[in-house]
Every structure is written in structure tokens, then in C-alpha cells.
Amino acid sequence: MRAIKFLFLMLILLIGGMGVLAQETPTATPTVDPLPTLQTMMTLVNVEAQRVERAIADADNRVENAFNLLGLFEAIGLVVAVAGGIGALVGAIYIRNIRRAGRALRDTRKRVELRILSTEQLLERQAKSSTEILQQTREEMNIQAQASKSLQEQMQGQLQTATDEFRATGELLTREVQTALDTLQKQTGQNQLQLERLRHDVEQNAEQQRKRTINALLGQSLQMLAERQYRASDFEGAIDSLKRAVSADNDNPISHYRLGYVYVQSSFLDEAETHLKRALEIDPNLAQALATLGYVYRRRAQEMPMGAERLDLFNQAERKLLEALQISRRLIDDDGESWWGSLGGLYRRQNRTQEAIHAYEQAAKVTPRSSYPFSNLAMLYLSLGNHAAMRDNFLKVEALAFAETQANTNNYWAFADLVTSRLALGKTEQAETALNALLFATPSGALYGLETLLETLERLLNALGGQAAAPHIPPFIHKIRDHISRMGNNE
């Protein structure tokens, strides 16, 4: 009874096992995604291999259990036959599952092998490309290394050359410095002696400069004194002061010029020429000295008889006066008169009447309050027979000359113009008064002014028709001649 129960229980277990086996689902074929890397693929292969091994081990266990059951069924009779059929069925199922699993494993292995092959090819290509890049990089590095080595060798060569040149230059400079030091040391004694001489020269020059400064200041002071003396008609005093000024400072062109000018007004033409030329040696462009030297030549020429020498002096005088007036067209002399008047006087004495009129008109523009240019214009118009212009100009001369004499009672030139204008206008009594004032104001050294007036009155007398037409003029001429004679005898 117990045996029957045991067999019945075993039969139930076998039938339940078959149901379980019948319910087992086939192993699903795994889906493998493309592997990005060899490591990932190897990991998947290992996972699949472990899964197949587990399946095989499970199948082997089940087969072993089946064989154990078959052995058990063989021990019993009919059950054994039934169990054999069941075992065969179970074995077939297990075998089928094993085959399915094998096929899946082979398919997976093929896919894995294909992917491994593809990955190997890809890695081979990448390795080849990397090798080529590495080879190219290595070649470039070799080229750069060779270039760097060449550059380094070149720089070393240049550095060595520069070092050699620097060393040679340093040695040369050292020798030159040493030579210079030796020369300097040798010259030290000489330089010391020269230094002493230089100090002595500087002190001597300083003393000379101090003396020159003192003399220059003294010369300027004497110039101012001489100017005041000249304004006071003290020609002798002015000449003496200017001589002292020249002696104190012989290189002062103004002192020489002013001394020459006073000499001219005192009719010492040779002395005047000497100092005027000295002034021009110091300052060739001193316009006042040029004009005064031209006036000296004119004075000399007008005292000479007609001839080539007289004409040559007149030409020299004209050149000097024009040169001075080109430097300064408004140049005036120390008496406040325009040098255009002196040029007009030169033209008048050469009978160049129109040029003389033009020159005196220029003088009138420069000194419109002076009677001098208008007096000469009146005489020129009279020589041309233009009595109306002559009278108009003499009226102007009278007014201007009277104003000048009132401003400066020592202005003997203004008194001379006043005498001339009043005689030309027929104002004899007023002319007498002006003549007396003129004779009183004229200094002993200014005879040229009276001589000029005498010449002017003689021209006026001739232009008016002689003594018969102008009997009031000759007494004035005689009186002036007598005064000049007495002044000459007193000298």
C-alpha cells in the first residue's frame, strides 16, 4: 500500500514538472545595439556568455534530473514505461530548448564577432591615420628641430662675432682712454700755465672793458653837453666837447658824426670830412654821416670854378645824399631841416630847376613847419617868372620864420628867411628889424649862414629887375657884407 502511494506521488510530481516545462518560454534573442567602443562590446559579450552558460547549466541540471527519474521509472514496471515516454518528451523539450539557446548563442556570437571585426577595422584605420599623423608630426618636428639647430648655430656664430668685436672695441677704447689720460696728464702743466695766462687776460680785458664803459658813458655825456652848446650857438665849445668825446671813445660813430657836422657849420670842411669818414668806417650805413659828407662835397664844389673837378664833386655829393635818403626818406640834420633841402640846393646850383623844385617839395613834406624849403621854392618860382607862386610861398615863409624866431631866438637861419621874405614882399622896415636880430644871433663861427643870405639877396635883386626895380635891397646887401668883413677880421 505504501508503495502504491509512493508511485502515485511520483506520477503527480512528474506530471507537474511537465506542466512547468511546457510553460517555459523560449529564450528571447537579445538585441544588441551598435557598440561605440571595443570595451563596451566586450562587456556585452561577457554578459551574453554568462547568460548562455547559466542556461546550459540549467538545462544540464534538468537533463540530469530527467535521467534520474528514468532510472527510477525503470525500477518500477508500467510506471517505468510511462515514465520513459514522459522522459523522452521532457528530453525532447529540453533538447529543443538547448538547440534554441545554442542557435541564439551562435547568432549572438556571430553578431559580436562581426561587431568586433568592424571595431577592429575601425580601430585599424584610426591607428593607421594616427600613425600617419604621428609620422607627419614627427617629420615636422624634425624639420623644426633642424631649423632651430641651424638658427641656434647662426645665433651662436653672431654672438661669438659680436663678442669678439666688443672685446676688440673695448681693448681699443681702453688704449685710447689710456692714451688720452697720458696726453691729458702731460698737458696738465701746460694747461695750468695757459689757465693762469687766461685768468690774467680776463682780468686785463675786464679792466679794459670797465675803462671802455666809463669812456663810453663819458663820451655820451660830452655829446649831450656839445648838443646844448651847439643850440646856444657856442660852436667852439661844442667842438671842444666833441673832441673830448672822440678821445674818450674813438669807436663811437655818433661822436665822430656830430663833430664833423659842427665842423661843417663852422666851415672847417677838411676836419669835417675826416671825422665823417671815420664815422662811416665804424658804421657804413649811418645815414646822417652819409648826408653830411655829401653836403661837404657840395660845399666844396660850389666854391670851385666851373670844370670837371667841380662836376665830379657835385656828382659825389649827389650820390651820398641820395644814398642817405634811400636809407631814410625823412632824414633830418641836427638843425631839424630835411636833407632833401641840401639835395635841392645842389640841383639849383647845377641849374636843374625842376629837380630842385621836386627836392624842396619833398623837404616841405618832411618839415612842413620849417621856412627853409618854402623860401627856396619861392626863389625858384621867381626865377621861372611865376610871381604869384613866389608871393604865396614868401607869405608862408614870413609866417613860419617869424614863429621859428619866436621859439628860438638863436635860430639865425630862420632870421635869414624872415629877412628874405620881408624884402621880397616889400616890407623894408620889418626886414631891417629882422636883419638886426640876425646879425646879433649869428655866432662868429657861422659865417656861412650870412654868406648864404647874401647870395640869396643878390639872386632876389636880379630876379626882381636889379637896383632900379628894387632899390630897397642893396642897402641890406652892403650891411651884410660889412658885417661878414668885420667878423672875418676879428678871427
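The values are calculated or read from the model by the stated rules, or taken from the named source; none is laboratory data. These numbers come from a predicted model, not from an experiment. Ideal geometry is used to build each Cβ from the backbone, glycine not excepted, and the neighbour counts take in all protein chains shown.
Can you name every residue in region 255-276 that is over 14 Å from L225 (Cβ atoms) and of a type in the set (A, V, I, L, M, F, W, C)?
Within region 255-276, V264, F268, L269, A272, L276 meet the criteria.
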Residue within region 218-232 that is modelled with pLDDT of 95 or more, of a type in the set (K, R) and either under 25 Å from L450 (Cβ atoms) or out of contact with any helix residue (DSSP H, G or I) (no Cβ under 9 Å at 6 or more places or on another chain) (or both) present: no
Residue ranges of helices (runs of 4 or more DSSP H) in region 362-456 with at least 2 members of a type in the set (F, W, Y): 371-383, 387-407, 412-424
Residues located in region 208-250, provided they are among the polar types (S, T, N, Q), surrounded by fewer than 16 Cβ atoms within 10 Å (Cβ to Cβ) and not in a helix (DSSP H, G or I): N250
